[in-house]
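The values are calculated or read from the model by the stated rules, or taken from the named source; none is laboratory data. Fair warning: this is a prediction, and the values are worked out from it, not measured in the lab. Glycine also receives a Cβ, built like all others from the backbone with ideal geometry; neighbour counts cover every protein chain displayed. Accessible surface areas use protein heavy atoms only, side chains included; no ligands, DNA or RNA. Shrake-Rupley method; radii C 1.70, N 1.55, O 1.52, S 1.80 Å.
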Amino acid sequence: MPRPFVQWPAPALRTPAAPVTAITPEITALWDEMIEAMDAMPGVGLAAVQLGVPLALAVVDASDARGQAIRMANPEILHASVQLREHEEASPNLPGVSAVVSRPRAVTVRFLNAAGEVEERDLVGLWATSVQHQIDHLAGKMYFDRLSKLKRDMLLRKARKFA
C-alpha cells in the first residue's frame with residue numbers, strides 16, 4: 001500500500017527535491033509505489049515529494065489504457081512550445097479544489113530513465129501538462145502558484161472548507 005499524500009501546507013511541498021544520483025532498487029520500488037498511488041487517485045502524474053519523499057522523481061501516464069507510465073529522475077524541460085493549452089488541474093495534496101491552468105502545449109523533457117540512461121522525450125497535450133505539473137512539484141511549487149493572487153486566494157479559502 002502506498003504511503004499517504006502529504007497535505008498542504010506541509011513544508012515538504014515547498015522544498016525543492018534533491019537530485020537522484022543513481023537508479024537503485026530502492027528508486028525502482030519507489031517508482032512502483034508512485035505509479036500505484038497515481039493510478040489509485042486516479043491521476044495522470046505524481047512527484048515523489050507528494051508522498052513526502054524529497055527526491056527528484058516523477059511518473060506520468062496520460063494514456064487511455066494506463067500501464068504506460070514514464071518513470072523520470074531529475075526531469076527538466078529543455079524546450080516549451082509558444083502555443084498554450086488550458087487544463088483543469090488539481091492535486092491530492094490539496095483535495096476538493098481545482099483550477100484551470102495555462103501551460104505550454106508541448107515540451108521536450110530530459111530525464112534519467114529506469115535504465116539509468118539520459119533520455120529526451122517530446123510530450124504533447126495532457127502528457128506535457130502533467131510533466132510540467134510534476135516538475136513544478138519537484139521545484140517546491142503548486143499548480144495554484146500559476147494563478148493570479150485573487151484566484152489563488154479564493155482557491156485556498158475554498159480548500160480550507162474541505163480540510
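For region 77-94, the candidate set comprises residues that are open to solvent by 40 Å² or more (accessible area, probe 1.4 Å) and within 15 Å of the chain's Cα centre (by Cα); within that set, the residue that is farthest from P4 (Cα to Cα) is I77.
A128 fails exactly one of the following numbered conditions: (1) closer than 12 Å to M72 by Cα; (2) touching a strand residue (DSSP E or B) at 6+ places or on another chain (Cβ under 9 Å); (3) small (G, A, S). What is the number of that condition? Checking A128 against (1) closer than 12 Å to M72 by Cα; (2) touching a strand residue (DSSP E or B) at 6+ places or on another chain (Cβ under 9 Å); (3) small (G, A, S), the one that fails is (1).
When region 1-35 is filtered for residues that are of a type in the set (S, T, N, Q) and part of a helix (DSSP H, G or I), only T28 remains. Checked against (1) touching a helix residue (DSSP H, G or I) at 6+ places or on another chain (Cβ under 8 Å); (2) open to solvent by 40 Å² or more (accessible area, probe 1.4 Å); (3) closer than 17 Å to M34 by Cβ, Q68 passes all but condition (1). In summary, A114 fulfils each of the numbered conditions (1) farther than 28 Å from S148 by Cα; (2) modelled with pLDDT of 95 or more; (3) loosely packed, with under 15 Cβ neighbours inside 10 Å with the single exception of condition (3).
Residue-by-condition table, conditions (1) within 14 Å of the chain's Cα centre (by Cα); (2) of a type in the set (G, A, S); (3) more than 18 Å from I35 (Cα to Cα); (4) in a helix (DSSP H, G or I):
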| position | (1), (2), (3), (4) |
| --- | --- |
| G96 | no, yes, yes, no |
| V107 | no, no, yes, no |
| R110 | no, no, yes, no |
| E120 | no, no, yes, no |
| W127 | yes, no, no, yes |
| L156 | no, no, yes, yes |
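Which of the residues belonging to region 40-65 are modelled with pLDDT under 95 and in a helix (DSSP H, G or I)? Of everything in region 40-65, just one residue is modelled with pLDDT under 95 and in a helix (DSSP H, G or I), namely A40. For first residues located in region 36-64 and within 20 Å of L123 (Cβ to Cβ) and polar (S, T, N, Q), partners that are open to solvent by 10 Å² or more (accessible area, probe 1.4 Å) and not in a helix (DSSP H, G or I) and lie 6+ apart or on another chain with Cβ distances below 7 Å form the pairs Q50/F5; Q50/V6; Q50/P92.
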